[in-house]
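Before any comments, here is the structure.
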Amino acid sequence: MVLIFILAILFSSTDLQAFVLLSGPTEARMDVTEENPRIVFELSLNPPSIKEKDEFLDGAYADLSDEDFWLTLVQLAIRPWNDVADSYLEMDVAFSDYATLDKEDRIFSIVVGKTNLTTSAYAAPGIEGKTIVDCDIAVSERGATARSLAFTLMHEIGHCLGLGHNHSDYSAVMGYARTDRSLNLGLDDEAGLIYLYPLSTIGEPQELAGCGVISGSTPNSTTLALVLLTPICLPLTRRLREKFKPRA
Ligand SMILES: [Zn+2]
């Protein structure tokens with residue numbers, strides 16, 4: 001009875017999304033395709049004040065110059081998004097004299113400067129219809145610790161690619177509740193990215209896919225459903241195979 005109740009909840013929640021889209025139902029995304037998947041952020045040359053470099057990732061980058069450390073920090077913030085296997089989006093960053101806070105210039109910029117920010121950074125996306133045509137990230141020159149700044153950049157980049165704030169998943173980078181500042185995405189961050197920029201190979205049949213389809217649900221509930229269904233499905237599959245196996 002309890003199992004039926006749990007399954008009923010899982011299957012009735014197929015339209016739930018645990019990630020939040022920046023533009024709501026408009027579903028705006030960067031102007032990229034699977035064939036042309038690349039967006040390059042242009043980075044202002046002056047780094048913010050970055051503290052505790054020695055403690056960041058066991059001091060792996062502590063010997064870099066301030067400029068190189070700054071570039072590396074942004075690269076590390078971008079990498080987790082690029083590493084999601086089922087998404088085609090590829091982002092990169094390069095120093096540029098053209099990085100500026102201007103929603104009209106269609107240059108994705110990361111800029112450091114004097115701001116009245118209470119936070120260490122913010123993102124300012126420019127959206128036209130269903131396309132994010134520009135997104136500039138402003139970083140306060142007051143800076144922060146390397147760890148905190150890298151995490152904040154990873155969050156702001158999430159806004160630029162089209163994700164809003166997620167208040168239902170404590171492990172999401174796009175939520176407010178996460179206390180862990182590691183450079184790892186939450187499952188719902190990945191789900192949002194894949195929703196916006198899915199590889200065309202997604203949906204091709206895979207192992208275990210024969211025991212129920214849970215379309216449109218989030219990875220969290222999918223994972224939960226698979227865990228719950230596996231004890232039922234595996235013996236059932238075995239029994240069916242036994243029943244229908246070709247007779248000698
Ligand atoms: Zn935010």
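Only one of the numbered conditions (1) away from the ligand (no atom under 16 Å from the Cβ); (2) under 14 Å from MET30 (Cβ atoms); (3) touching a residue at least 60 places away in the same chain (Cβ under 8 Å) is not met by PRO125, and that is (1). The residues of the stretch 80-128 that are in a helix (DSSP H, G or I) and out of contact with any strand residue (DSSP E or B) (no Cβ under 9 Å at 6 or more places or on another chain) amount to a single one, PRO80. Residues in the stretch 150-185 that are modelled with pLDDT of 95 or more, more than 12 Å from the ligand (Cβ to nearest atom) and touching a strand residue (DSSP E or B) at 6+ places or on another chain (Cβ under 9 Å): LEU161, GLY162.
Give the stretch 129-149 a look and list any residue that's outside any strand (DSSP E or B), crowded, with 23+ Cβ neighbours inside 10 Å and within 15 Å of the ligand (Cβ to nearest atom), or say none. Matches in the stretch 129-149: LEU149 only. For VAL84, state whether it is of a type in the set (Val, Ile, Thr) and touching a helix residue (DSSP H, G or I) at 6+ places or on another chain (Cβ under 9 Å). For VAL84, the condition - of a type in the set (Val, Ile, Thr) and touching a helix residue (DSSP H, G or I) at 6+ places or on another chain (Cβ under 9 Å) - is met.
The values are calculated or read from the model by the stated rules, or taken from the named source; none is laboratory data. This one's a predicted model, so the numbers in the text were calculated from it and none came from an experiment. Quick reminder, even Gly has a Cβ in these numbers, built from the backbone with ideal geometry, and neighbours come from all protein chains shown.
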